[in-house]
Each structure stands twice: as C-alpha cells, then as structure tokens.
Amino acid sequence: MATAVIQKSKESSVPQDLSAVYAGDLIYRALIETGEPLKPGEVARATGRHDVDLKLARVVLTTNQHMTPVDRKWTLWSRYLDSRRTVDNNIHRILNTYGQPIKLEHLARELSFVYSRPSEVFEEMLVHLTTHRTRLILIGDDYVIPTAWLLDIEADDADDVLFDNFLDDDDVLPFAAAAASLDINNPESIVEFLDAAGAPVKNKAIQYLIWQSNPAEFNPTAIFSAFAANPSVSLLSIGAWIGPRTTVKLATGFARLAELEVSDSAESDIEEQAQPLVIGEAELEQLVNAVLQSDDTVYAQNLLYELFEVTSDYRTYDDDLQTVKDALCGDDRVVWVGGNRFRAQGTIPGYVYTVPGLLEITEQRYLDADGNLVDQLLEDDGFDGGLERDIMNPLTQDVLDEEPVALPDMNPPSNARAVIKYHHKQIGTLPLCQFASGFFPPQPAILETDFTIPSGQKVRVWVNNETRMLYGLLDWFSSIPIDSGATFTLERQSADNYIINYNDESEPTMFISRNRVNELFLLQERSESEALALFDIVREIMEHYRKGIEFLTLHTEVNIVRRATRRMVASILSEYHCFFQRGGAWVFDAKKLTQGFDKSKRKYIVK
C-alpha cells in the first residue's frame, strides 16, 4: 500500500509537523487503549478531547504511516508485524513506534494481534520479561518501557555519555540553565523546567542534565517514572518531553492541520480498500434510533456519514447510501418520505392524509315542478360542442374529479405550469392532476419536498400520491392578490426540491376578479337558501355573460358557488335546449328556457 504524506504548507513546517506528531500520538493512544479498529469519528471520540474532531482524525489517520484502513475502519500497522520474528523484536518495534509507555495488558493485546494467540499468554510472558529488567521494565501502574529509553551511564566521562546516548551539545546546552533548579521529586519543578524550555526536550537529554548535576545519586528509572507520572507533561513519540505551554501551542495547530489535503495516491489507496457496507442488526438499530430520536426529518446521507463515516468520495458511496435506505425502508418504525428522507412513524401531519371538506363534491337530487330530475349526468358520447375534449383538459380536472392516473413518464419534463384555483388558494393546496405523471415521484405514497418560493424562503410541501394533492402553500398563496387563476411555473431541481417562479400572471379563462367573486358568493347564499339546482346556478352565471362564456370559465365560476364535477356541468350544457355554442363560447338563450330537457339525450343518461 502506498504511504500517505502530508502536503506541507509554504509557511514554516516545524510547528505544523509537531502538531501532527502530537495529534498522531493522541490518536495512536486511542487505538492502543481501545484495542480494536475504529472509524474516524470513533477515533476522535476515543481521544476524549474536544479539539480532536472527525476532520482532524481523517487527516491524521490518512497521513500517519503507522495507521492503515481495514474493513472501513482504521487500525495500527504494528498489528501486522511479521509473526516469524521473535516476540522480543516485535515488542520493541511496537514500543518504539508508539514512543510512549504502554500498559502491560494493552501491549499483550497488541502482541495477540500479531501472533493470533490469546493475550493472556503474552501477559505472563511480559511479567517474566519485565521482572528480569534486562530489556524491558515496568514503571508506574504496570506500564512497560524499553530499558533503551533510559540513559546509558556505563562511561564516566560526560562527553562519552553524550556519545553513547547519541546526544550532542545542541541537545543539552540550551536547557542547562533551566535544569539547574529541576527537582524530579517536585512535579511543579518538572512543569516549570519544560515550560521554560519552550520546546520539546529529548528524553535522554533531560536525564543527562540530571545525571550531570549529581552522578552519584542518579537513577534513570526514577527520573523517567517521575516525568511519566506527571499528568501535566507529555512524551511525544519522537522521544521528547513537552510541558503544558508547548502542549497548548501544538494543539492550536490542530485546526490548520485538519484543513490539510492528503496526497492523491493515499486517497486512492484507501478508497480501493473500501468494501460495500453491510447493515447488521446492531447497525439497523443505530439507524432506526437516530430517526426515532429526531423530531424532524432525517436524511440517509447524513446517517451514512454520522454513523458509518462514509463520504461522497468513497468508491462505494452510491451503493452504501442505497443500503442504508433499503434498511430503513424495511423497518416499520420509520417511514420513507421520498428522496433520502425518513421520519419516525406517526410524525407526518394528519392533514396530509385527508381531502379537506372544502374540496368535497356532493351531488344532490333536485326535482322540477313535474317531479323530474333536473341535473342528470350524461355519458361522454352525449356531450355537444367539443365538451368531450374540454373535460379532459387538466385545468378542468381537480381533486376527486380527475381521469385515471397515467403511468409515470420515464423522462418527465423538469418544468410545469400550474394554475391556482379558488378553493385551493383558501387552504394552500394544489391538485396533482395539473402536473404530468412522473413530475413528482410516484413513490412513496407521501412525499416530503422543499419548495423555494419567490422570496427565496424554503417551505415544506407534502405530496400525497393517494389523495392526489399538494399541501403546505397557504402562506405563500395568501400573499397573492389574485383570488382565482394566478399562475406560476414549478422547476424540479431534484425529486424532493422544487423552485417556484411567479411573475404576477394569470390564466385568462380562470381569472375571476374580486368583485365577481363577491357576486358568486351572493349566488352561493341564494343557492343554499332557495335550494337551487346546478342547472339554475349554470343559468344564472351564463346570464351574466350575454356574449358567451368558455367552458373552463363557466366550470371555474360554478365551483366557487358549489363544488361540481366537470361532467355534470358538461351534461347540463348538452341536455337543455336553452344552452348552445356560438363561436367557441357557450351562450344561454332565455327564450328557449321553456323547451326544457332535450329528449334526444335520454339515451345517454347514466343509469
């Protein structure tokens, strides 16, 4: 596998490199202490630090040569050491790679990864090896370190000790003055020394300075233990100690480090290791609980990122997203509301399931003086003057009065024109019959969408494929001064995102002025008090239009007075002699009123 590298900034790289070392040490410790592969977000949380977030964890995991991906998670390269090498060799490789003391039980667990044997075996072995204290020793609460980390003082001469421990004057002289007051028995003294140094100080350089001040009483194990036991100081994996001031300084570099990009080769290598996501029972419970705990809509892509840390640059992203959606769709506790949206069962507003009473159509029986039924429904073959075509116009159709829904268009248009009818304007709804089949997804039964209205605000709009209505536009409709016939275009951005374009335009055949609406209200009151038949309502409206009226206009006005089906309005026009067509418009002739029902239409009456 290609090794990932940090792309260094053009600024001084030293602070950034040291920040990367410190961040890497924190993450390495989290992986050591957890003892299992982790996702980046889990790694970040395992450090127990608020300044180590998912972004920083991703950068460190991707760029640190001691860490590697496995099964969508991250682990340590040292867990893949050559099992043919001796245990002693691999112990030292693990310790020197980590660069910090490791708890005996954790080191045993790391060895069990390498050799595929129970960790208890290695615990016993480590107890034996540290007891003899030749190459390994225990410090503090059962932490293992190599004796090679302690100063070698076999030589008596100071220069020889420097040489034997691979130190030079530059490693010790800058800190000699600060070390004069260093007291390893005083934790505050250790902190003051490292803060005065203002930079990482090599582990053996500190030991050398203490040895030089008092060779006779020098105890390297006690010195190292005193530093390791001090919670205010830290040992970096590069073999140097830092104080709290330097620790804070390095941590301030985390934000800049988190913004770094990784090399192209590292990203591609990691992507190639990605395997399709598998949702087991535990993962399904995580997904469902995330939905149930939310009061609002939850998006599958967010769950994929938050729970499984899969981002859009993963090779398997599309398949993984579908896996999450399929898992949620198969659970009765949640409901799919279109796109990548899911909600807890029972959280869809109740009104979305109903057809408001204002839109209901009730046909009553009205009899004339001779006891004959006034309003009679005809078969389509009995319609006159092209009415059989007019009733098929999507604008004449409405909720509870539309043709059977056609199969969805595989390539539906991305734009649609809609006309706001009077009744729908009052309740913020729209009939789906005005839109081509497939303009809105036919599944699920209830779709949650976002409409961007002309002000730029996004509003939630529900699409019910069973009631065949849109719900949720009342506030925007209320801002439109036109009572009936206002038009707008709807642009589909995605299956659950739409943009409304409105230019103060109206549909001429459906535009009804405010004065005319008030007149129709008066007719509505009369129709109720006098029990007018639909025939009488049609006649009254047509008397207002002496030069004639188009069917769509007539149907619009009739429905403001009383909800009626388009076929019933077309039947009345066709079955009475007093109504006829002239120049494409329908006209009422009061002189023919006495001629009554056209007996030639009896054969078309719907039984």
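Could you go through region 400-416 and let me know if any residue there is crowded, with 20+ Cβ neighbours inside 10 Å and closer than 22 Å to Asp504 by Cβ. Among the residues of region 400-416, not one is crowded, with 20+ Cβ neighbours inside 10 Å and closer than 22 Å to Asp504 by Cβ, which makes the answer no. The residues of region 50-62 that are free of Cβ contacts under 8 Å to residues at least 60 places away in the same chain and surrounded by fewer than 17 Cβ atoms within 10 Å (Cβ to Cβ) amount to a single one, His50. The one condition from (1) over 29 Å from Tyr305 (Cα atoms); (2) surrounded by fewer than 20 Cβ atoms within 10 Å (Cβ to Cβ); (3) in contact (Cβ under 8 Å) with a residue 40 or more places away in the chain that His66 does not meet is (1).
Within the set Ala290, Ala369, Ala327, the sole residue that is among the hydrophobic types (A, V, I, L, M, F, W, C), free of Cβ contacts under 8 Å to residues at least 24 places away in the same chain and out of contact with any strand residue (DSSP E or B) (no Cβ under 7 Å at 6 or more places or on another chain) turns out to be Ala369.
Just checking, does region 176-192 include any residue being on the phi > 0 side of the Ramachandran plot, outside the structural domain of Thr134 (by TED's automatic domain parsing) and within 53 Å of the chain's Cα centre (by Cα)? No; the residues of region 176-192 include none that is on the phi > 0 side of the Ramachandran plot, outside the structural domain of Thr134 (by TED's automatic domain parsing) and within 53 Å of the chain's Cα centre (by Cα). When Val538, Val561 are checked against the criterion of being farther than 21 Å from Met392 by Cα, touching a residue at least 40 places away in the same chain (Cβ under 8 Å), out of contact with any Cys (no Cβ under 7 Å at 6 or more places or on another chain) and surrounded by 19 or more Cβ atoms within 10 Å (Cβ to Cβ), a single residue qualifies: Val561. Just name the residue that is nearest to Ala30 (Cα to Cα) out of those in region 70-126 that are among the acidic types (Asp, Glu) and not in a helix (DSSP H, G or I). Among residues in region 70-126 that are among the acidic types (Asp, Glu) and not in a helix (DSSP H, G or I), the one nearest to Ala30 (Cα to Cα) is Asp71. The number of residues in region 137-152 being within 15 Å of Ser237 (Cα to Cα) and of a type in the set (Phe, Trp, Tyr) comes to 1.
Counting only strands (runs of 3 or more DSSP E) that sit completely within region 415-493, those holding 1 or more residues that are out of contact with any Lys or Arg (no Cβ under 6 Å at 6 or more places or on another chain) and more than 21 Å from Leu358 (Cβ to Cβ) correspond to 415-420, 446-452, 458-464. Within region 131-154, the presence of at least one residue that is farther than 28 Å from Ala197 by Cα, without any contact (Cβ under 8 Å) to a residue 60 or more places away in the chain and part of a helix (DSSP H, G or I) is confirmed.
With the condition kept exactly as written, say whether any residue in region 28-44 is surrounded by 22 or more Cβ atoms within 10 Å (Cβ to Cβ), in contact (Cβ under 8 Å) with a residue 24 or more places away in the chain, within 16 Å of Leu236 (Cβ to Cβ) and touching a His at 6+ places or on another chain (Cβ under 9 Å). Scanning region 28-44, I find at least one residue that is surrounded by 22 or more Cβ atoms within 10 Å (Cβ to Cβ), in contact (Cβ under 8 Å) with a residue 24 or more places away in the chain, within 16 Å of Leu236 (Cβ to Cβ) and touching a His at 6+ places or on another chain (Cβ under 9 Å), so the answer is yes.
Yes/no per residue for (1) free of Cβ contacts under 8 Å to residues at least 40 places away in the same chain; (2) aromatic (Phe, Trp, Tyr); (3) loosely packed, with under 13 Cβ neighbours inside 10 Å; (4) assigned by TED's automatic domain parsing to the domain that holds Val310:
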| position | (1), (2), (3), (4) |
| --- | --- |
| Tyr98 | no, yes, no, no |
| Leu104 | no, no, no, no |
| Phe113 | yes, yes, no, no |
| Ser119 | yes, no, no, no |
| His128 | yes, no, yes, no |
| Phe166 | yes, yes, yes, no |
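The number of residues in region 193-234 that are of a type outside the set (Ser, Thr, Tyr), buried (at least 22 other Cβ atoms within 10 Å of the Cβ) and touching a Lys or Arg at 6+ places or on another chain (Cβ under 9 Å) comes to 1.
The values are calculated or read from the model by the stated rules, or taken from the named source; none is laboratory data. What you see is a predicted model, and the numbers here were worked out from it, not measured in a lab. Note that we place each Cβ from the backbone using ideal geometry, even for glycine, and neighbour counts take in every protein chain shown.
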